[in-house]
1. If you count, for each residue, the other Cβ atoms within 10 Å and average over each peptide, how do 162-174, 96-108 line up from highest to lowest?
2. Once all Cα-Cα distances of the range 1-49 are split into 5 Å bins that start at 0, what whole-number percent is in each one?
3. Between the alpha-carbon centers of the range 16-36 and the range 243-263, tell me the distance in whole angstrom.
4. How much length would be gained if the chain were fully extended between residue 488 and residue 279, taking 0.36 nm per residue of separation minus their Cα-Cα distance, in nm to one decimal?
5. Want the number for residue 358 to residue 252: 0.36 nm per residue separation, take away the alpha-carbon distance, what's left?
6. With 10 angstrom as the radius, rank 320, 299, 289 by how many other C-beta atoms surround their C-beta, starting from the fewest.
7. Looking at the chain, what % of its DSSP beta bridges pair antiparallel, to the nearest 5?
8. Using a basic spin-label model with each label point 7 Å from the Cα along Cα→Cβ, how many nm lie between residue 112 and residue 528?
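Read the figures in this text as sums done on the coordinates, not as results from a lab. Please read these numbers as outputs of a predicted model, since none were measured by experiment. Counting neighbours? That spans all protein chains shown, and the Cβs are built from the backbone with ideal geometry, glycine included.
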Ligand code: ADP
Ligand code: MG
């Protein structure tokens, strides 16, 4: 099978580990870099983000580790601590069957933990340049047994000013070794480094048609600066991304946006340089496990991270240049999956957008903002689709006993409607008298909606809630400003994630319902009469 991993000259143990990871075919960079590294010579490998470079060097590393030898046989140098952890995990997974031992070395973690691991006899180290250099200086790490040294994200490391640390490390490995240089771009400074340290390197280059991932559809919205947050929540509601990374320019903006999103009911993780290492790992794990859907990040914090299955990259702030743009949107559309990149652009940033388009040789599509109706329609569509899939798969069969328990007392249609309501996040209505409320006919409902509720108030339903930043104070203010409704005529206000209930005196209800178009945060909202609360 010359096309699969079997044709690359790997042993059974590593092949088994690859299969456990679920990789079926080597990616193009893997198909070329793996045999080149297994042959033992130096390699310069260039391929864009998301093409599987980690495994392209980790597979030959674990294949070449001599099992009985407990000295450091391979070292991987990476720009950030998150990446060190991630690559170490990949090496561990690939080398597990062979019993390969690996440790990540990075700043911000106490030395003694890393020391203990090093003393235990580690075969592969994965570290950031600074921490690896520190260990060498302290005498706690020796690289004179290293046979393979890989510099991953070499362009990033040089950009971040690590050149001296890297040269220090390169000078510490023996003359008889192989070096792998992995990078998304090969600028002149990397050529210089290769000139000085590599011997007749094999060049492995995966060409790309445009500078950005072809599977990623790219859009932009023009947004007034002050409306960015509202527009973002609109987009989130409309797109309902499974997992999105939202990029901000500064740490402070990451904090502010995270807080604002949390307050609106979105579960959000955040990473930036000032968040402690432990915290960052926790946040990333929550995002990777799907416990939160949104990750807010700065460029630096997200550099090189492998976050699988990101469906959306959202540039809350437009990046400063085309390189940063390409890096950011490289988080989606990985390994041929589909992805979407959405950029919010304030009028002043239009020129920057054009520049990025020119340099990446892509055209981004402008979109009009979704309206509330668009969002409601999209949600309904998604709900119907989910229901159809569930029905076709007979996934509800495990609830047959629940249905059987209700069937003597209710009709199938009633049971289905209640289940649909609850499945869509509806709240269980209050039941105060302990008995089953009388079933309501459609006429009863209409009569109830028309009549003022018990204590002389009319209950209104509003199709916007917490997720759009609605608060009781704001409703009082806007009703008064826009419809001339006195706050004293407003009773209880219940704000939920996506809607709200407001009780008002009949006169005010009339005013509100007659108003041609109420708006909140500049976007239209709709009011109608609701069923009054049960007494
Ligand atoms: P790069 O370093 O080139 O940006 P990564 O090594 O981080 O890319 O890989 C991107 C994603 O692709 C990871 O989630 C990885 O698990 C996955 N991946 C790598 N190789 C394969 C493969 N052969 N088949 C399927 N998925 C793969
Ligand atoms: Mg990588």
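1. Numbers: 162-174: 16.2, 96-108: 19.0.
For the peptides 162-174, 96-108, the packing ranking is 96-108, 162-174.
2. Cα pair-distance distribution for the range 1-49, in percent: 4, 19, 29, 26, 17, 5.
3. Distance between centres, Cα-based: 36 Å.
4. On the way: separation 209, 0.36 × 209 = 75.24 nm, distance 4.61 nm.
Separation in residues times 0.36 nm, less the Cα-Cα distance, equals 70.6 nm.
5. Working: separation 106, 0.36 × 106 = 38.16 nm, distance 3.01 nm.
Additional length available on full extension: 35.1 nm.
6. 289, 320, 299
7. Details: 15 of 64 bridges.
Of those bridges, close to 25 percent are antiparallel.
8. Distance between the two pseudo-spin positions: 6.7 nm.
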